[in-house]
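Worksheet: one structure, shown below.
The values are calculated or read from the model by the stated rules, or taken from the named source; none is laboratory data. Just so it is clear, the model here is predicted, and its values are computed rather than measured. Ideal geometry is used to build each Cβ from the backbone, glycine not excepted, and the neighbour counts take in all protein chains shown.
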Amino acid sequence: MDYAERLTVPLRWWVQGTMFVASLWLAVLAATPETVAWSVTAVAMAVLVALFVSYGRPRVSVDGTTFRAGRAHIPLELVGPATALDADGVRRQAGVDADARAYLLLRPYLKRGVRVDIADPADPTPYWLVSSRRPDALVSALEAGRTRQAAG
C-alpha cells in the first residue's frame, strides 16, 4: 500500500454530538419518566454513532495498481495528473469551477484535497475531487504509481 487514509469524523463532531444527546436526555427527563428518558437517549446515541461511523467510513488509497476513493476505483494507468489543493482550491473546484460530471468524495471537516484528472477517453468523468488530510502525500503516491505503471 503506497497511501491509505480513512476520512473519519473529527473528535469535535463526536463531542458536539454527545452534548446534543445529553441535552436531549435532559429535555426528555424533564417531561417523562426516567426510563423513557434513558431509552430515548440510548436510541439517539446509537443513531449518532451509526451516522458518524458510516459518514467517516470512506477510504482513500493508492496501491500498486489502483487508486480508490470511497466505493470508486480506477487503474493507475488511467489516472492523469494529480494536483494538491488548499481549502480555497477545493472550494473553487467544488463550486464555481466545478464540472457536473466529476466524481466527488468531499467531507466538510477536511478543507484540503486532491484533484485527479482521468486520462481514459471512454470515461465521461473528467476528474475526481477527493478530500484528504495529507494531499501532498496522496499526490506523491499517485505520481509514483503512475511512473511505475508507465515503466511497465
Options ALA42, ALA30; residue that is loosely packed, with under 14 Cβ neighbours inside 10 Å, outside the structural domain of LYS111 (by TED's automatic domain parsing), under 33 Å from the mean Cα position of the chain (by Cα) and of a type outside the set (Phe, Trp, Tyr)
ALA42
Matching entry among GLY70, GLY56 (being closer than 14 Å to TYR109 by Cβ and under 14 Å from the mean Cα position of the chain (by Cα)):
GLY56
In the stretch 76-97, which residue that is outside any helix (DSSP H, G or I) and touching a residue at least 24 places away in the same chain (Cβ under 8 Å) is farthest from PRO126 (Cα to Cα)?
ASP86
GLY64 meets each of (1) touching a Gly at 6+ places or on another chain (Cβ under 9 Å); (2) more than 27 Å from LEU129 (Cα to Cα) with one exception, condition (2)
Taking the stretch 1-15 and keeping residues loosely packed, with under 15 Cβ neighbours inside 10 Å, within 16 Å of LEU105 (Cα to Cα) and of a type outside the set (D, E, K, R) leaves ALA4
Which condition does ASP136 not pass, out of (1) touching a residue at least 24 places away in the same chain (Cβ under 8 Å); (2) surrounded by 14 or more Cβ atoms within 10 Å (Cβ to Cβ); (3) not in a loop (DSSP other than H, G, I, E, B), if it passes all the others?
(2)
Quick one: would you say GLY64 is in contact (Cβ under 8 Å) with a residue 60 or more places away in the chain and among the small types (Gly, Ala, Ser)?
yes
In the stretch 117-126, is there at least one residue being among the charged types (D, E, K, R) and part of a loop (DSSP other than H, G, I, E, B)?
yes
Screening ARG146, ARG92 for residues that are farther than 17 Å from GLY70 by Cα, crowded, with 20+ Cβ neighbours inside 10 Å and basic (Lys, Arg) leaves only ARG146
